[in-house]
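**Student:** The following block contains the structure, expressed as C-alpha cells.
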Amino acid sequence: MSLLLSNVFNRISSSFKCSNSVTHRVSYYYYHHHNSSLRRQSSASASSLLKILPEVSEALSLGKPVVALESTILAHGLPPPENIQLARDISKIIRSRGAVPATIAVKDGICRVGLTIEELSDLALSGVEKRASKCSTRELPLILAKHHSLLESNTPSSSPSQWGATTVASTMRLAHMAGISTFVTGGTGGVHRGAESSMDISADLMELARTPVLVVSAGVKSILDIQRTLETLETNGVPTVAFGADDFPAFFSPSSGVLAPARVDSAHEVARAYLTSLNLGLPNGMLVAVPNNNPAGASVEAAIQETLDEANKLGITGRDVTPFILKKVTEKTKGDSLKSNISLVKNNAAVGADIAVAIANARKGWNTKVFLGSTAALTLPGIQKVSQSTASNQMQDAPRSNATSRVVVMGGAVIDLVAKPAPGQELILATSNPGMCYESDGGVGRNIAEVLGRLGSKPILFSAVGKDSRGLSLLNRMEDEYDICRERQHIEVVNGVNTATYLAVLDSSGDLHTAIADMGVLSKIKIPDEGTLSNADYLIVDANAPIESLVEAAKNARWAATKVCFEPTSVPKAAVVSKNNQFMSSLTYAFPNVDELSAMSGLSNLVSDELIKSAAKIVLNRMNPTESHLIITMGAKGVILASKYEVKPIIFKRFEASAIQSNNCTGAGDTLVGAFVHALLNGHNKEEAVKIGMEKAILSIQCEDRAISPMI
C-alpha cells in the first residue's frame with residue numbers, strides 16, 4: 001500500500017463511528033481498485049512464479065471445467081502407497097464426470113497448477129523422505145524467495161525435488177491466480193478448541209473470506225470447534241452450505257449435530273449461488289460441505305477425543321496437531337479412519353466435479369433471463385422448501401444429484417397387473433374368464449428407463465411412488481435388475497397415496513381390451529433441473545406428470561440444449577398435452593401410435609397411409625421448427641418415420657413389421673423408444689435406430705409375463 005493511500009485509508013477508518021457507510025465504500029473502492037492496480041503491476045512477476053500444466057491451461061482457455069486439488073493430503077495426509085492410489089482414483093473420478101483435475105503444489109520454488117503422473121508419484125514419496133514442507137499462504141512467499149535466493153547465488157543442486165505441499169488456504173490462492181473456480185479437498189481447517197485463549201484459527205477461514213474460490217469438503221475437521229468455525233465464517237460473509245443435508249458434516253461423521261447455515265440439493269444450485277456471488281462483486285469464496293458417505297462412526301470420534309488429550313499432554317500444538325491426530329487415530333481404529341478418509345475424498349471429488357461442470361455450463365449461457373428465471377438456490381433451516389412434494393418423505397437419504405447421464409427419463413413408475421384369457425379362449429365380457437394374471441413393473445417412463453438400463457445407457461429416472469411396500473420393492477428392483485442405481489433414481493416417495501397401479505385386461509391376441517389406472521401419485525413426479533439436463537443429450541418424457549411439470553421440464557431442457565422426446569402414453573393424455581403450444585414446440589421426437597396421432601392432430605379415422613401422413617404434417621408443424629421427427633407405430637403394419645428439417649419438405653419412410661406371435665403388446669412401444677434413443681446415443685442414424693427399436697420391441701411382444709423383456 002502506498003504511504004499516501006495508507007494514511008488516507010487509516011484516517012477514514014479511524015472515523016468509523018461517524019460514518020460507517022463511508023468507510024465501507026472506501027474499503028470497497030480500495031480493495032477493488034487499488035488491489036487490481038497492484039495485481040496489474042505484478043502480473044509479470046506472478047506469471048514467472050506460476051507454471052500451469054498444458055492440459056489444464058488448454059481447458060481453462062476453452063472454458064472447460066477444471067477441479068483444483070491440494071497436495072498436503074498426498075505428502076502428509078496419507079502414507080504411500082495409499083496416497084498415490086488415491087491421487088489416481090480422484091483423477092479418474094473427476095475425468096469421468098467431464099472435468100480436468102489439477103493438483104496444486106510448489107516444486108523447486110515454482111508454483112505448479114497440474115502435475116504429471118511422474119510428479120504426483122514423486123510428491124507422494126516426498127513426505128516420508130522429508131522433502132516436503134507444509135505450505136500455507138504464510139509460507140508461500142518465504143519458500144519461493146528462499147529457492148530463488150539459492151538460484152541467484154548459483155548454488156549447485158543435484159538433490160531430488162523439494163516440494164511445498166499446499167494447504168486449503170494456499171491452494172485456494174494459487175487456484176484463483178490460475179483462474180480455477182472449484183477446489184476439492186478432504187476437510188477444511190477452522191477454529192481450534194480452546195481458541196478463546198490460544199487464538200488458533202486456521203488460515204483456511206481467512207482465505208475463504210477473501211478469495212472467490214468454491215471449496216468442496218466433508219465439512220471442517222472433527223477435531224475442531226465446529227460451532228465457532230461456522231460463526232467465524234458467518235462473520236466473514238462466507239456462504240456456507242451442506243450438500244443434500246440439514247446438519248453440517250464433521251469430516252468422519254456425516255453430522256456434527258450443528259444445523260448447517262443453508263442447504264443445497266444439486267450441483268446446479270451450487271453453481272447458481274456461486275456465480276451470483278461473483279456477479280454481486282463479493283470477494284469471498286464459498287464452502288460446500290458434503291456428508292461423508294462412509295462414516296467411520298462413533299469409534300473414530302472416541303479415538304479423536306482420546307488422541308486430543310494425548311496431544312495436549314505431549315505439548316503438540318498448531319499445525320502439527322492434525323497430522324499427529326490423523327496418524328494416531330488411524331492406529332487406534334485399525335485403519336477404519338484411513339478408509340473413511342479415502343472414501344470421503346472420493347465422494348467430494350465426484351460432487352466437486354459435478355459442480356465444476358455446472359459452473360462451466362452456466363457460464364456459457366449466463367444471462368439475466370437465466371438468473372431471474374431460476375428458483376431459490378438455498379433452503380434455509382426452518383423454512384419449508386416450496387416444491388411438488390411438501391408432503392413427501394424419501395425412503396433414501398443419500399443425495400441423488402451426484403450422478404450424470406446422457407439420457408434423462410421423466411415419467412411414471414407403475415405396478416402392472418395384467419390379465420388375459422387362457423390360450424385358445426376368447427375374452428367374454430360381463431363374466432369371469434379362465435386365464436392368467438401377472439404382476440410386473442411398468443409405467444411408460446420406467447419401462448423406457450429399464451430398456452435403456454438393460455442396454456447399458458445408464459439413464460437417470462425422475463418419477464414418484466407411494467411410501468408403501470410396492471414402492472420400496474420397485475426401487476430395489478430398479479437397482480438390482482436393470483442398473484438404475486440409487487444415485488440415478490430421482491424418485492419422490494410420497495406419504496398417504498398408493499404406488500401407481502395399472503390393471504390391464506388383454507384379449508386373446510394380447511391386445512389391450514380395457515384397463516384401470518390408479519395414478520394419483522404421479523402428480524408428484526419430480527422435474528429435472530437444468531444442472532442434471534446440462535450433461536444429457538436427450539430428455540424423454542411421458543404424459544403422466546401434470547402438464548405444468550412437463551412444460552417446466554421442457555423449458556429446462558431448452559436452456560440446457562437437450563433434445564426432448566415425448567411418449568404420449570394414452571389417447572386422452574395425448575389430446576391434452578398436444579394443446580399446449582409451449583410444450584409441443586420443444587419436442588424434437590415424439591412416438592405416438594395411430595390413435596394417439598389422431599388425438600394430437602385432431603384428425604379422426606386414420607385408416608390409410610395418406611391420412612396418417614396428413615396428421616403427421618399437422619403435428620410436425622407444431623414441434624421444434626428446426627428439426628422434428630415422429631416415429632409412428634402401427635402395430636402389425638409396422639412403423640412410419642416422419643422427419644421435418646426447417647423449410648425442407650417432410651420426409652416419410654416406412655418400416656415393415658415382422659410376422660410374429662404376439663403375447664403381450666403393453667411394453668412394445670416403450671421398448672422401441674428406449675432402444676431408439678440408445679441407438680442414437682451410440683452413433684446410429686435415425687433409420688438404423690428405428691430398426692433397432694423394432695428388433696428390441698419384438699422381444700417384449702414375445703414376453704408373456706412382463707412389459708419389458710429381460711432378454712433385451
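The values are calculated or read from the model by the stated rules, or taken from the named source; none is laboratory data. As the structure is a prediction and not an experimental result, all values here were calculated from the model. Here the Cβ positions follow ideal geometry from the backbone for every residue, glycine too, while neighbour counts run over all protein chains shown. Areas reflect the complete protein model, heavy atoms only, side chains present, ligands, DNA and RNA absent. Shrake-Rupley method; radii C 1.70, N 1.55, O 1.52, S 1.80 Å.
**Student:** For region 602-681, list log₁₀ I(q)/I(0) at each q in 0.14, 0.17 Å⁻¹, using the Debye formula over Cα point scatterers of equal strength and ignoring solvent, two decimals each.
**Tutor:** These q points yield log10 I(q)/I(0) values of -0.54, -0.79.
**Student:** To continue, here is another question. Would you grab the residues whose amide H sits under 5 Å from the one on M410? Only those 5+ places off in sequence or on another chain, please, with H modelled 1.01 Å from N.
**Tutor:** Counting only residues 5 or more places away or on other chains, the set is F462, I540, V541, D542.
**Student:** In a shell of Cβ-Cβ distance under 15 Å around E646, excluding E646 itself, what net charge do Lys and Arg (+1) and Asp and Glu (-1) give?
**Tutor:** After counting each charged neighbour, the total is +3.
**Student:** Full-extension gain between R95 and N580, please, as 0.36 nm times their residue separation minus the C-alpha to C-alpha distance.
**Tutor:** Computed gain between R95 and N580 is 170.6 nm.
**Student:** Compactness ratio of region 178-243: Cα Rg over 2.2 N^0.38 Å, N = residue count?
**Tutor:** 1.09
**Student:** Here is a further query. For K64, which aspartates and glutamates qualify as cross-link partners when the Cα separation must be under 18 Å and same-chain residues fewer than eight apart are set aside?
**Tutor:** Those aspartates and glutamates meeting the cut-off are E55, D354, E530, D537.
**Student:** When the accessible area of region 218-295 is computed with all protein chains present and a 1.4 Å probe, what percentage of it is carbon and sulfur?
**Tutor:** 51
**Student:** Averaging the inverse of every distinct alpha carbon separation and then flipping it gives the Kirkwood radius. What is it for region 520-662, in angstrom units?
**Tutor:** So the Kirkwood estimate lands at 15.6 Å.
**Student:** So how far apart, in nm, are the two label points at K313 and S469 if each is 7 Å from Cα heading toward Cβ?
**Tutor:** Placing both labels 7 Å along Cα→Cβ, they lie 5.6 nm apart.
**Student:** Take region 243-286, compute every pairwise Cα distance, and split them into 5 Å bins from 0; I just need the percent in each bin.
**Tutor:** Pairs per bin, as whole percents: 5, 21, 21, 21, 18, 11, 4.
**Student:** Net charge near I93, counting Lys/Arg +1 and Asp/Glu -1 over other residues with Cβ under 14 Å of its Cβ?
**Tutor:** Value of the local net charge: +2.
**Student:** I'd like the per residue volume of the convex hull spanned by the Cα atoms of region 231-354, given in cubic angstrom.
**Tutor:** It comes to 119 Å³ per residue, whole-number rounded.
**Student:** Related question: Kindly write out, for region 642-655 in residue order, the coupling ³J(HN,Hα) from the Karplus curve 6.51 cos²θ - 1.76 cosθ + 1.60 (θ = phi - 60°), rounded to whole Hz, with x marking Gly and Pro.
**Tutor:** 3J(HN,Hα) across region 642-655, in whole Hz: 10, 10, 10, 10, 6, 8, 6, x, 6, 9, 10, 9, 9, 10.
**Student:** Could you give me D for region 451-579, from Stokes-Einstein at 37 °C and 0.692 mPa s, where the hydrodynamic radius is the Kirkwood radius over C-alpha pairs? Units µm² s⁻¹, please.
**Tutor:** Answer from the Stokes-Einstein relation: 205 µm²/s.
**Student:** How many Å² of accessible area per residue for region 185-313, probe 1.4 Å?
**Tutor:** Ligands and nucleic acids excluded, the figure is 35 Å² per residue.
**Student:** Related question: Report the rotationally averaged projected area of region 660-712 based on its alpha-carbon convex hull, in square nanometres.
**Tutor:** That works out to 3.3 nm².
**Student:** How large, in percent, is the carbon and sulfur part of the accessible surface of region 507-553 at a probe radius of 1.4 Å?
**Tutor:** 49
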